[in-house]
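Take a look at the structure set out below.
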Amino acid sequence: MRALSLSEKRRRMTEIIALLKERYPSAECALKYEGDPWKLLVMGRLSAQCTDERVNEVCKELFAKYPNYEAMAAAEVEKIEAIVRPCGLYRMKAQSLKDASVMLKEEFGGELPADMDALLRFPGVGRKIANLLLGDIFGLPAVVCDTHCIRICGRLGMYPESQKDPARIEDILRRILPPEEGSDFCHRIVWFGREVCTARAPKCPECPLRALCVRAEREGARTKID
């Protein structure tokens with residue numbers, strides 16, 4: 001199949017966004033952070049190589065014991081480790097949670113900065129978490145390149161499926177997505193990736209995006225040839 005032009009990608013993305021809005025009107029974040037910026041910072045860090053469902057469950061106990069950044073900044077790191085252990089990489093994550101809470105308290109007076117470069121200074125925060133915070137907390141243009149976004153947008157033909165570099169993909173999608181839609185699109189694509197366009201067994205016959213999907217076009221052409 002031919003590669004899509006930039007204008008065709010944008011046209012298709014407009015239709016994809018509209019279809020996803022119909023299916024997921026609320027664009028709800030999968031992490032239950034209750035509108036608290038610090039909690040989203042914590043949960044975003046814990047979500048690395050861990051499911052959102054497990055993070056949500058672990059954070060019930062974590063936030064009951066440490067309800068704010070002051071409490072976590074003062075906590076013994078070993079006690080944080082004991083709670084976040086089910087999320088994996090627990091020693092590294094626990095240390096970065098404590099250090100980030102200390103930084104938030106001492107350098108920013110408890111106010112999360114609405115700036116990519118400043119957010120990237122926090123321990124354990126990369127572009128994915130920073131974009132999540134900028135989009136959800138501050139309503140700024142953001143593209144959260146998690147595994148669902150990377151997989152699905154590749155299948156849709158926004159870039160080659162072999163492309164896996166999150167930074168490169170973020171740059172590509174910023175040129176295709178309307179800035180005001182990026183954050184909500186990424187939330188919707190997470191739900192879509194869980195329910196329909198799954199990693200191992202995508203439900204292509206029932207997919208509402210099938211007519212806009214390059215992989216579906218390719219597979220259909222292959223079937224006709226066979």
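The values are calculated or read from the model by the stated rules, or taken from the named source; none is laboratory data. All figures in this text were calculated on a predicted structure; none of them were measured in a lab. Glycine gets a Cβ as well: all are built from the backbone with ideal geometry, and neighbour counts include every protein chain shown.
With respect to Ile169, determine if the residue is in contact with a Phe, Trp or Tyr (Cβ under 8 Å, 6 or more places away or on another chain), at negative phi and at pLDDT 95 or above. Before the answer, list the steps.
Numbers: in contact with a Phe, Trp or Tyr (Cβ under 8 Å, 6 or more places away or on another chain): yes; at negative phi: yes; at pLDDT 95 or above: yes.
It is true that Ile169 is in contact with a Phe, Trp or Tyr (Cβ under 8 Å, 6 or more places away or on another chain), at negative phi and at pLDDT 95 or above.
Filter the range 114-132 down to residues that are assigned to a helix (DSSP H, G or I) and over 14 Å from the mean Cα position of the chain (by Cα) and give me whichever is surrounded by the fewest Cβ atoms within 10 Å (Cβ to Cβ).
Our first condition is that a residue be assigned to a helix (DSSP H, G or I); within the range 114-132, this holds for 116-119, 127-132.
Narrowing further to those that are over 14 Å from the mean Cα position of the chain (by Cα): 116-119.
Details: Met116: 14, Asp117: 8, Ala118: 14, Leu119: 20.
Only one residue tops the list, namely Asp117.
I want to confirm something. Restricting to the range 135-185 and keeping residues that are within 29 Å of Gly220 (Cα to Cα) and of a type in the set (Asp, Glu), which single residue is farthest from the chain's Cα centre (by Cα)?
Among residues in the range 135-185 that are within 29 Å of Gly220 (Cα to Cα) and of a type in the set (Asp, Glu), the one farthest from the chain's Cα centre (by Cα) is Glu161.
Can you work out which of the residues in the range 155-172 that are of a type in the set (Gly, Ala, Ser) and in contact (Cβ under 8 Å) with a residue 24 or more places away in the chain is surrounded by the most Cβ atoms within 10 Å (Cβ to Cβ)?
Just the residues of the range 155-172 that are of a type in the set (Gly, Ala, Ser), to begin with: 157, 162, 167.
Restricting the remaining residues to those that are in contact (Cβ under 8 Å) with a residue 24 or more places away in the chain gives 157, 167.
Working: Gly157: 22, Ala167: 11.
Restricting to residues being of a type in the set (Gly, Ala, Ser) and in contact (Cβ under 8 Å) with a residue 24 or more places away in the chain, the top hit is Gly157.
Those residues that are more than 11 Å from Ile152 (Cα to Cα) and assigned to a loop (DSSP other than H, G, I, E, B), I need them from the range 201-221; list them, please. I'd like the intermediate steps shown before the answer.
Restricting attention to the range 201-221, the residues satisfying the condition of being more than 11 Å from Ile152 (Cα to Cα) are 201, 203-208, 210-212, 216-221.
Scanning the range 201-221 gives Ala201, Lys203, Cys207, Pro208.
Any residue at all in the range 43-64 that's in contact with a Ser or Thr (Cβ under 8 Å, 6 or more places away or on another chain) and at pLDDT 95 or above? Can you show your working first?
Of the residues in the range 43-64, the ones in contact with a Ser or Thr (Cβ under 8 Å, 6 or more places away or on another chain) are 45, 55.
In the following step, the residues that additionally are at pLDDT 95 or above were identified as 45, 55.
Looking through the range 43-64, at least one residue is in contact with a Ser or Thr (Cβ under 8 Å, 6 or more places away or on another chain) and at pLDDT 95 or above.
Filtering the range 2-19 down to residues that are part of a helix (DSSP H, G or I) and of a type in the set (A, V, I, L, M), which residue is surrounded by the most Cβ atoms within 10 Å (Cβ to Cβ)?
Within the range 2-19, the first condition is being part of a helix (DSSP H, G or I), and the residues that meet it are 6-19.
Among the residues that remain, those that are also of a type in the set (A, V, I, L, M) are: 6, 13, 16-19.
On the way: Leu6: 10, Met13: 20, Ile16: 25, Ile17: 18, Ala18: 9, Leu19: 16.
By that ranking, first place goes to Ile16.
Please tell me if Gly135 is outside any helix (DSSP H, G or I), closer than 27 Å to Glu28 by Cα, in contact with a helix residue (DSSP H, G or I) (Cβ under 6 Å, 6 or more places away or on another chain) and of a type in the set (Gly, Ala, Ser).
Values: outside any helix (DSSP H, G or I): no; closer than 27 Å to Glu28 by Cα: yes; in contact with a helix residue (DSSP H, G or I) (Cβ under 6 Å, 6 or more places away or on another chain): yes; of a type in the set (Gly, Ala, Ser): yes.
In short, no.
All but one of (1) in contact (Cβ under 8 Å) with a residue 40 or more places away in the chain; (2) in a helix (DSSP H, G or I); (3) closer than 21 Å to Val214 by Cα; (4) touching a Leu at 6+ places or on another chain (Cβ under 8 Å) hold for Arg151; which doesn't?
(4)
Any idea which of (1) under 24 Å from Leu6 (Cβ atoms); (2) at pLDDT below 95; (3) surrounded by fewer than 14 Cβ atoms within 10 Å (Cβ to Cβ) is the one Ala216 doesn't satisfy?
So the condition that Ala216 fails would be (3).
All but one of (1) in a helix (DSSP H, G or I); (2) under 16 Å from the mean Cα position of the chain (by Cα) hold for Thr198; state the number of the condition that does not hold.
Thr198 satisfies every listed condition except (1).
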